[in-house]
Amino acid sequence: MKLTTLILLTTLQAAAQIGVPERRQAKVPVCVINQNVLAADVPVELLAERLTTKMFADIGVGIEWQHGRPPATRPNHCILTTVTTGVPRTASSHALAAAGPFETNQITVFLRRIKRRSALSTAILLSYVLTHEITHLLEDVNYHAPSGIMKSHWDAEDFNRMDRRQLTFTPSDISLIHLGLASRHERRSTE
């Protein structure tokens, strides 16, 4: 009986691993500096950061959040986020945020649009917006996937999946993120 149980457990474990991509852990966590946490939205922004951190942790990428003004000699590898209630005239009418240009490692989030955009909790939508924009900078390419977190324009079904925390990265995005991280690590080691 014990041998049968052991064989069954081994078979189930092997079956569970089929099709599961190997988890790769980033060598160095990604540094993200949130420059201006808006006083009225501190709980929302902190929850969004936790949700964003989890989405990246699920694919083996660590995020290290810092708050406040970046040091004058900030490392080039840190991503800077700015949350604003205004929207620049150059932003497209549907954009919830903007990243780049890629060399700058900067993200601007349009919080007023996020608050108006859907019935989702602001923190949930903000976390997906941050994850999407951070991914653009990590992948270092202007690429959108046909589905998932990196889809160009989210639709009602995507918002429903966000609400259930089921909107995820595609396997292609996971590969691009890890390739981008390897490239960032190489550049960082030569600085």
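Each reported figure results from applying straightforward, stated rules to the coordinates on display, with no laboratory input. Quick caveat: nothing in here was measured; it's all calculated off a predicted structure. Cβ coordinates were reconstructed from backbone atoms using ideal geometry, including for glycine residues, and neighbour counts include every protein chain displayed.
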Binned at 5 Å starting from 0, the alpha-carbon pair-distance distribution of region 26-185 in whole percents comes out as 2, 9, 20, 24, 22, 16, 6, 1, 0
On average over all directions, what projected area in square nanometres does region 139-191 have, based on the convex hull of its Cα atoms? 4.3
Quick one: which residues, 5 or more positions from THR81 or on another chain, have an amide H under 5 Å from its amide H? H modelled 1.01 Å from N in the peptide plane, none for Pro or chain starts. ILE33, ASN34, GLN35, ILE107
Going by amide H atoms built from the backbone, whose H comes under 5 Å of the H on ALA145, apart from near neighbours? MET150, LYS151, SER152
5 angstrom amide H check on ALA97, placed H, neighbours 5+ away: PHE110
Residue by residue through region 139-150, what is 3J(HN,Hα) from phi via Karplus (6.51 cos²θ - 1.76 cosθ + 1.60, θ = phi - 60°)? Round to whole Hz and write x for glycine and proline. 6, 6, 9, 8, 10, 10, 7, x, 8, x, 4, 8
Just to verify a number: FRET efficiency for THR104 and ASP163, C-beta to C-beta distance, R0 = 22 Å, to 0.05? 0.10
